[in-house]
1. Of everything in the range A:53-104, what is assigned to a loop (DSSP other than H, G, I, E, B), free of Cβ contacts under 8 Å to residues at least 40 places away in the same chain and more than 7 Å from every other protein chain (Cβ to nearest Cβ)? Give them in sequence order.
2. Can you tell which of B:188, B:166, B:149 is buried (at least 20 other Cβ atoms within 10 Å of the Cβ) and either within 24 Å of residue B:79 (Cβ to Cβ) or touching a residue at least 40 places away in the same chain (Cβ under 8 Å) (or both)?
3. Looking only at the range B:110-139, which residues are assigned to a helix (DSSP H, G or I), over 13 Å from the mean Cα position of the chain (by Cα) and crowded, with 19+ Cβ neighbours inside 10 Å?
4. Say whether the condition of being more than 30 Å from residue A:89 (Cβ to Cβ) and within 14 Å of chain A (Cβ to nearest Cβ) is met by at least one residue in the range B:245-252.
5. Being assigned by TED's automatic domain parsing to the domain that holds residue A:229, closer than 21 Å to residue A:44 by Cα and modelled with pLDDT of 95 or more narrows it down to one residue among A:206, A:187; which is it?
6. If you scan the range A:169-196, which residues turn out to be under 25 Å from residue A:19 (Cβ atoms), touching a helix residue (DSSP H, G or I) at 6+ places or on another chain (Cβ under 6 Å) and not in a loop (DSSP other than H, G, I, E, B)?
7. Find the helices (runs of 4 or more DSSP H) located wholly in the range B:1-107 whose residues include 1 or more that are over 25 Å from residue B:248 (Cβ atoms) and touching a helix residue (DSSP H, G or I) at 6+ places or on another chain (Cβ under 8 Å), and list them.
8. Here is a check on your reading of the model: is residue A:33 more than 12 Å from chain B (Cβ to nearest Cβ), assigned to a strand (DSSP E or B) and at positive phi?
């Protein structure tokens, strides 16, 4: 069974079509990259999957359950981390993890928090206010929160955007391990094409709310006569019509 | 079905914030203390001016403290909600399995805890400094507090919904709401003192039934049970309406993308 099935998703704001008939799937153990220029509809898509934005059309199923009718059950199996959604800075690292652990109904919560503090190298910041952490440390905390409930679907919106290369590599390794070792799938957005090529099993290129291309990030550039994924990304961003007609 | 762990999370968050912040704890006591001192001396002065048996302390100081209790209850709800506004936490909270009714229940329980602290401080200070006891009101104290509590909760939920809909800047419309209501509620004077149109507004305000009741108890008259029942039923009705209003605003916010935009510019 697919971890995530999105069918014919559409969201319109006034005259702006933010997402236009998007359909895709994420399988267990798979990391899917959702790529596209700013304003392509990536975050809107993620917000709809998270249940904080209602689609105008289409369905979202997580492990076969529709989010429209099983919101709480579905979100218990989902989690996310995004650079624009830091955890409250006026709570400590431990307090944030405790509260979100309760919200997600995590069993043996204290033990789980201990594991995550170790895993994301946050033990020394356990009692520090989240707001005083560096952006890299806050990103690690956001990822620890995203792993709290051992989600079946992990949504990551530019998770390594504020990390130095060494920490970013560690985080990528952890997320790859998460996808390969458990039964979860990952939907990942990033503007770092090197990272996408290293991490993702499959990528979807969004442009103006539509999926323009889909495929293996290692072979997709050649299939479209481009040298690198970055070159392909730039073409999608600047001249999407040349790809549509290719 | 309610999941108490999620409700507990909302309450625990507020406890953590209050435990670690003097600026959050002090307002629970400071305004109450200021009102007790101010109105305590005013009533003492008024008592010295008149030789009649009229008792200003339970009439005025008691009424002020009961109204303070109502304000604490309302602000207990709104402050807990505003913490999510101020920390731009909506996206994190509402993408968890918590339902909107669990979230609102968490706000209400947080308010019960904070207003209970405020009430205890009122009891202690007013009794110690001016010899005033809420027990002067006898058994009527329970319905008085219940009606004010229910209406405070209803108003707090309504105010939170307004801020959810119109954005963080509208919180400045929320703080003065109790001050706007107070002239109509007859905190310091009988409702009959008001012009007719204001009396019509008073009829739909549960606190007006409480303060009319307070004056009757102090003057030794009999309180109409129907009057208090009306106040209680009105307050209960407002709770139902405010919960419905909050849930409706939330659904609109999910439809329009407002919940997501509280944290990120995601409509592009």
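1. Across the range A:53-104, the qualifying residues are A:67, A:68, A:69, A:70.
2. Numbers: B:188 fails: buried (at least 20 other Cβ atoms within 10 Å of the Cβ); B:166 fails: buried (at least 20 other Cβ atoms within 10 Å of the Cβ).
Sole residue among the options that is buried (at least 20 other Cβ atoms within 10 Å of the Cβ) and either within 24 Å of residue B:79 (Cβ to Cβ) or touching a residue at least 40 places away in the same chain (Cβ under 8 Å) (or both): B:149.
3. B:122, B:125, B:126, B:134, B:137
4. Of the range B:245-252, the ones more than 30 Å from residue A:89 (Cβ to Cβ) are B:245, B:248.
Of the ones still in play, those that are also within 14 Å of chain A (Cβ to nearest Cβ) are B:248.
So far as the range B:245-252 goes, yes, one or more of its residues are more than 30 Å from residue A:89 (Cβ to Cβ) and within 14 Å of chain A (Cβ to nearest Cβ).
5. Exactly one residue qualifies, and that residue is A:187.
6. A:186, A:189, A:193 - these are the residues of the range A:169-196 that are under 25 Å from residue A:19 (Cβ atoms), touching a helix residue (DSSP H, G or I) at 6+ places or on another chain (Cβ under 6 Å) and not in a loop (DSSP other than H, G, I, E, B).
7. B:4-19, B:22-49, B:62-86
8. Numbers: more than 12 Å from chain B (Cβ to nearest Cβ): yes; assigned to a strand (DSSP E or B): yes; at positive phi: no.
Here the answer is no, as residue A:33 does not meet what is asked.
The values are calculated or read from the model by the stated rules, or taken from the named source; none is laboratory data. None of these values were measured; they are calculated from a predicted model. FYI the Cβ positions are ideal-geometry reconstructions off the backbone, even for glycines, and counts take in every protein chain you see.
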